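Q: Handing you a structure now.
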Amino acid sequence: MAPIAKVGGLGDVVTGLARACLSRGHKVNVFLPFYECINKQQIKNLELVNTYDSYYDGSWVSTNAYQGVVSGIPVIFVEPSNHFFKGQCVYGGSYNELEAYLFFSRACLEWMQVTGTQPDIIHVHEWQTGALPLLYWDMYHHLSLRIPKIALTIHNMEHYGECSKEQLSKCGLDGSIYATEEKAVDDRTIGHNPERISLLKGGIVYSNAVVTVSPTYLKETLCSGWLAGTLIRHREKYRGILNGIDTGMWNPATDIFLPAKFDALNIEEKKTCKHFVQRGLGLASGGHQMGSHAPDKVPLVVCITRLVPQKGLHLITHAIKYVKEISGQMVVLGRASDSRVEREFKDLADLHNNGSSIRILLTYSEELSHMLYAAADMVLVPSIYEPCGLAQLIGMRYGAVPVVRKTGGLADTVFDMDDQSQPEMANGFVFEGIDEASLNWALDRAFRYYCGKPNEWSAIVQKVMHIDSSWNNTAGKYIDLYNSIRVRE
Ligand code: ADP
């Protein structure tokens, strides 16, 4: 949940969607594990509301529920008295993640049960909460929770929540009854000893509605991957709803992290942001004089991403070399969770970071990300697959023209400048292959526009800044979905 527990796009979505629902007059509570790494300063009115017991692995674990407000959203923080969710990061703490989320899934329902809270909809995300629909329909619905219906959003189909029957049993369900093809067995393990369970598959089967985050990713997931069969069986409740961005948090006209504010009608100050970043990072700043309106001849490309294979690592490393070769500048802001990937990028940073055109920053920084989107002429998203992708949407809002691979949500939001079939949609540069030449082709075209057709470039920048990617456009689709499954009085 942005900004207190954000690792990638999921954090933005939880906050953005909750705020959009609140602003439409709905009542919303977010349940979040009380990760030890959360900065409590960012939570308003934090208070302990109750202490209750939630079952785990043969005993009852005393659990604190705190209430607080984050970015205007009421949040319930679940804090077990054991070691779960301790450590300095959201993911990868020193506890068993699978077991901690099984505990969390039950602890949320247990809290609703002991407090007599019955929402119309429980909206769960990803495999981490995939056991909640099972616990709800096979346990709590037979206790006192009658009203809620369950919606599941899948942000990334590659994380399945692999789990043994014994582990699933730790949350109080009989794990062995879920190891069937119709319920939750991981189909790839059928006939193996032991067979495994997938919490994501269980979530799909047991939820009343299943959403993924773009129409194209929906089609892709129905055609490939081992979950395709399950999704096809549940096709009538499966939809693709494009993510929005929170245009209050991502607003270049008011952004507190920027040295100068700008908007679509007053883009001049974007240059100030660019030069501020160039100077701050020690990049050549194109002989810019403050106050000069001369066109800036060196395009700045940014790539802000988790450094994982999904994001097209070989294309990112290639872009670093290629942008330098074609006399552009590039800044990569990324964090790698895998030590080999980190090593590779550290080596690249050592090679390039003393020069005047490339910076590779291996860290997570919300503040820097805002400044880089504002400074950028182009935002690069060369993903191998991309369920939705927010970087291209945020980039556009800040006047950075997207250069993306045509996959998933990128294909739904970025349309090529040179595609004559729908010129009114054109807003970026798109390539299809996963090879370096395909990426070069898109970058070459973007650079040619930028350097050779400054007026057309300005028009593209204006156009992308005017695109409405806010939750205004898509929250309504979620609300329609909630209405379609909820129990009506
Ligand atoms: P994913 O959810 O797969 O990480 P998205 O494009 O949907 O990808 O969302 C990524 C979000 O995380 C964006 O808000 C992006 O700005 C942010 N982000 C990614 N890496 C970093 C980083 N190193 N520092 C700051 N923000 C980052």
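Q: Please go through the stretch 320-337 and give me each residue that is within 16 Å of the ligand (Cβ to nearest atom) and at pLDDT 95 or above, ordered by number.
A: ILE320, MET330, VAL331, VAL332, LEU333, GLY334, ARG335, ALA336
Q: Within the stretch 299-307, is even one residue closer than 30 Å to ILE384 by Cβ, more than 16 Å from the ligand (Cβ to nearest atom) and in contact with a Cys (Cβ under 9 Å, 6 or more places away or on another chain)?
A: yes
Q: Hey, can you tell me all the residues within the stretch 354-368 that are within 16 Å of the ligand (Cβ to nearest atom) and either over 25 Å from PRO252 (Cα atoms) or assigned to a helix (DSSP H, G or I) (or both)?
A: GLU366, GLU367, LEU368
Q: Taking only pairs six or more apart or across chains, which ones have beta-carbon atoms under 6 Å, a first residue in the stretch 334-355 that is closer than 18 Å to THR305 by Cβ, and a second residue that is among the polar types (S, T, N, Q) and within 15 Å of the ligand (Cβ to nearest atom)?
A: GLY334/THR305
Q: Follow-up. Working only within the stretch 28-72, note down all residues that are in contact (Cβ under 8 Å) with a residue 60 or more places away in the chain and within 30 Å of ASN472 (Cβ to Cβ).
A: ASN29, PHE31, PRO33, VAL70, SER71
The values are calculated or read from the model by the stated rules, or taken from the named source; none is laboratory data. Here the structure is a predicted model, which is why all the values come from computation and not from measurement. Every residue, glycine as well, gets a Cβ built from its backbone with ideal geometry; the counts of neighbours run over all protein chains shown.
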